[in-house]
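Notes follow once the structure below has been shown.
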Amino acid sequence: TTGMCKRVCTALWVALLAAPVAAANDWRRWVNQAANSLSHASRAELSLPRVDGGERLSPAELEAPLLGARLSWLAYAEKRREVEAGLALLGSGMELVRFSPQRDSRGAQWLVARDAESGTLWVAFRGTASLADVVHDLMAAPEQTGAGDAFHSGFLRAARAAAEELREVVEAELRVRPCERLALCGHSLGGALAMTLLGAGLLPCASGDAGAEDAPAEVLAFTYGSPAAFHGELRGAAMRRVRAQSFVFGADAVPRLLGSEVPLLRAAALSLGGKSSTGALETLGGYTHWPGGELVYLDPAGGCARRVPRAQRDRVLHLHRAVHPDAAAHHKCYVRGLERAAAPGGGLAWWQMVLGERGEI
């Protein structure tokens, strides 16, 4: 989410202020270590990430991800008529099946739409836009499911709260009008909810547990600037049918907040907070984006989308890649970035027609 980076930084700062004051010598030693570490950081290390040898995605390959980014933005709408107006601009083949606004502190906001032209049923989750969403973001302790897999507990809580109604809507739609593919998407928190819903097996038709006549032939997932939702190794088979793409724009901090090892913070925690603080950092460092998915880097400078080779994933997703003055702004640029990558030199400008005063993603 847009404010997640600021919230985490603020929480760390508050933790430092509230921690017991270390002895003066310990504090000086930690500052000296930090200064030495920072002195070795070159300008290249603090610049935007670079993907070496990554294959560039073609405009045809970006059609579905671009539609998913636009639907993820529409999921932020406050009223059904706003969603319908946005879908109308996407083409005559788009039809709203259900718009479910957030009703309580446990749930999430989402929409289901059908693309008749491509035979795709879309599920889009909203990112953080309420106090309840912020609470879900901050519930960062991992929680294990019956299958032995562990997820971010806040994401799992929200996904479970939405699962029953969403499952009924999706399965009813598939019974009446079968489709070739099912696609889930979301920006920021929304993408994490989509991945958690799939990974925890909360949508049986996506994992193949439903009858063959109801299950779509293909299951897709698209996330945009989303934090890691899985903790440790994924043991269950719920993701076996899912083909996922995670998009990261420039220096966006949110997809890098969980799962990065930060030696500098660890040194500070050891000096100020002891083992309990370092344990919390190690827990946050244990999160991961689904390893079976594809990571795509949206380059703000080059205006293109590149697949990130597996050997470069950890480097591109490390938190130090978010040390950039545009880190917060980049979290809101996914629709525009994908439009630019899909139509070099032109730009489809859909976001300009529907954004109004609300901003962009």
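The values are calculated or read from the model by the stated rules, or taken from the named source; none is laboratory data. Predicted model only: the values in this text are computed from it and were never measured. With ideal geometry, Cβ positions are generated from the backbone for all residues, glycine too; neighbour counts draw on all protein chains shown. Keep in mind that these areas ignore ligands, DNA and RNA; they rest on the heavy atoms of the full protein, side chains included. Shrake-Rupley method; radii C 1.70, N 1.55, O 1.52, S 1.80 Å.
The residues in the stretch 244-298 that are at pLDDT 95 or above, out of contact with any helix residue (DSSP H, G or I) (no Cβ under 6 Å at 6 or more places or on another chain) and aliphatic (A, V, I, L, M) can be counted, and the count is 2. Entry remark, the stretch 73-84: residues being crowded, with 16+ Cβ neighbours inside 10 Å and either touching a residue at least 24 places away in the same chain (Cβ under 8 Å) or part of a loop (DSSP other than H, G, I, E, B) (or both) number 6 in total. Residues that are touching a helix residue (DSSP H, G or I) at 6+ places or on another chain (Cβ under 7 Å), open to solvent by less than 10 Å² (accessible area, probe 1.4 Å), closer than 15 Å to F247 by Cβ and assigned to a loop (DSSP other than H, G, I, E, B) do occur in the stretch 59-72.
R43 fulfils the conditions (1) at pLDDT 90 or above; (2) open to solvent by 80 Å² or more (accessible area, probe 1.4 Å); (3) not in a helix (DSSP H, G or I) except for a single criterion, (1).
Within the stretch 234-244, which residues are under 13 Å from G293 (Cα atoms) and crowded, with 22+ Cβ neighbours inside 10 Å?
Scanning the stretch 234-244 gives M239, A244.
Taking the criterion of being of a type in the set (A, V, I, L, M, F, W, C), under 19 Å from K332 (Cα atoms) and under 19 Å from the mean Cα position of the chain (by Cα), the residues of the stretch 296-310 that qualify are V296, L298, A305. Taking the stated definitions as given, is V31 of a type outside the set (G, A, S), outside any loop (DSSP other than H, G, I, E, B) and modelled with pLDDT under 85? It is true that V31 is of a type outside the set (G, A, S), outside any loop (DSSP other than H, G, I, E, B) and modelled with pLDDT under 85.
Given A301, A311, A341, which one is surrounded by fewer than 18 Cβ atoms within 10 Å (Cβ to Cβ), of a type outside the set (D, E, K, R) and modelled with pLDDT of 90 or more?
Numbers: A301 fails: modelled with pLDDT of 90 or more; A341 fails: surrounded by fewer than 18 Cβ atoms within 10 Å (Cβ to Cβ).
None of the other options fit; the residue is A311.
Exactly one residue out of L87, L67 is closer than 30 Å to Q312 by Cβ and without any contact (Cβ under 8 Å) to a residue 60 or more places away in the chain, and it is L67.
Can you confirm whether P216 is open to solvent by 20 Å² or more (accessible area, probe 1.4 Å), modelled with pLDDT under 95 and assigned to a loop (DSSP other than H, G, I, E, B)? I'd like the intermediate steps shown before the answer.
Working: open to solvent by 20 Å² or more (accessible area, probe 1.4 Å): no; modelled with pLDDT under 95: yes; assigned to a loop (DSSP other than H, G, I, E, B): yes.
No, not satisfied.
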